Amino acid sequence: MNPNYRHTSPIMAVLALTLALPPCVALSQDLDAGTTTVRSAPAPGYWSDNWRGWHFYENPEPSDEAKQSRKRPLSPGMSTPTPRRAPELLQFEDLQKTLEEYRNIAIIKPTEANVRRYMELESKVVAQASYFADVAQRVSWTTPELDPTLQGRPVNAKAIEVFEQDQLTTRSQAMTILGKDHVLFFFFRSDCPFCHAFAPTLEAFQARYGINVVAISIDGGPIPGFPNARADNGIARTLKVAQVPAVFLAQPYSGKISPIGFGVLSESQLLERISTVSDPASQEMVPSTNKHVVLR
């Protein structure tokens with residue numbers, strides 16, 4: 001035997017061969033059969049890039065064709081369509097722009113030519129607007145729901161007379177019903193000339209509509225027309241009455257009190273204000289106080 005020959009074990013041979021092979025190739029050894037098989041290794045998995053962590057799902061990388069299609073600009077025929085605008089809108093914008101430019105030029109350089117050019121264009125614009133107003137008026141005449149003269153208070157003298165008479169009848173009926181569970185608080189001073197002037201109006205209003213007027217004297221003095229006037233027991237301070245004459249609408253059983261007005265009022269003003277305050281649709285817009293008061 002050659003003394004320089006060294007015996008190499010099968011395990012060392014397999015290890016040496018493994019180190020010499022590329023990473024994608026692995027060895028499978030059957031020690032019992034004494035054979036060694038070379039096979040391809042699986043694709044690198046989690047263990048080869050464990051720094052990324054655990055991923056249950058990953059989007060696939062886009063293909064080269066998809067990447068190129070993203071970079072490719074849209075052809076002229078494939079541009080995003082813009083919504084078409086009415087030609088009248090474009091014409092109106094041009095007219096506005098031109099009028100403003102002519103005016104600015106005339107202001108900065110007010111020559112006769114510049115001012116005339118602006119005034120001529122302005123005259124055309126005014127004529128166009130006047131024509132529009134005429135057409136709109138004819139449309140309102142033939143379309144009742146678009147006619148402003150038929151909405152709310154009329155403008156014709158005869159129609160106003162009919163409207164006011166109808167409104168007076170409706171409010172009078174409502175006031176008769178309201179007088180069954182409401183009263184009017186009338187705050188006055190015996191030395192107030194406006195209170196003395198207003199007292200006969202309230203007296204007539206009470207007789208006409210049947211609503212009781214409770215006169216309350218702040219200074220304790222009397223006033224003609226209300227011999228049963230009561231002295232103020234602190235209710236004026238509670239309602240913050242700082243000016244007389246003052247009228248409040250009160251509902252005794254609920255304690256709801258709403259101001260009607262201050263100063264001298266006519267019967268029509270009283271009727272209108274009381275009807276407005278007592279209307280359920282407008283009660284939220286009217287200041288009121290829910291204070292239970294006691295009169296002696």
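The values are calculated or read from the model by the stated rules, or taken from the named source; none is laboratory data. Owing to the predicted nature of the structure, the values given are computational and were not obtained by experimental measurement. No Cβ is skipped: glycine too gets one built from the backbone with ideal geometry, and neighbour counts run over all protein chains shown.
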Next item on the list: Out of Phe194, Phe185, report the one residue that is modelled with pLDDT of 90 or more, crowded, with 18+ Cβ neighbours inside 10 Å, in the same structural domain as Thr276 (by TED's automatic domain parsing) and not basic (Lys, Arg).
Entry: Phe185
Note to self: For the stretch 235-257, check the following and say yes or no: at least one residue is in the same structural domain as Phe194 (by TED's automatic domain parsing), loosely packed, with under 15 Cβ neighbours inside 10 Å and of a type in the set (Lys, Arg).
What the structure shows: yes
Check: Within the stretch 175-196, can you find the residues that are within 23 Å of Val264 (Cα to Cα) and of a type in the set (A, V, I, L, M)?
Finding: Met175, Leu178, Val183, Leu184
Notebook entry, point to check: Here are some conditions: (1) under 41 Å from the mean Cα position of the chain (by Cα); (2) among the acidic types (Asp, Glu); (3) in a loop (DSSP other than H, G, I, E, B). Glu164 meets all but one. Which one does it not meet?
Noted result: (3)
Next item on the list: Working only within the stretch 197-234, note down all residues that are more than 24 Å from Glu267 (Cβ to Cβ) and either out of contact with any strand residue (DSSP E or B) (no Cβ under 7 Å at 6 or more places or on another chain) or not assigned by TED's automatic domain parsing to the domain that holds Ser275 (or both).
Entry: Asp219, Gly221, Asn233, Gly234
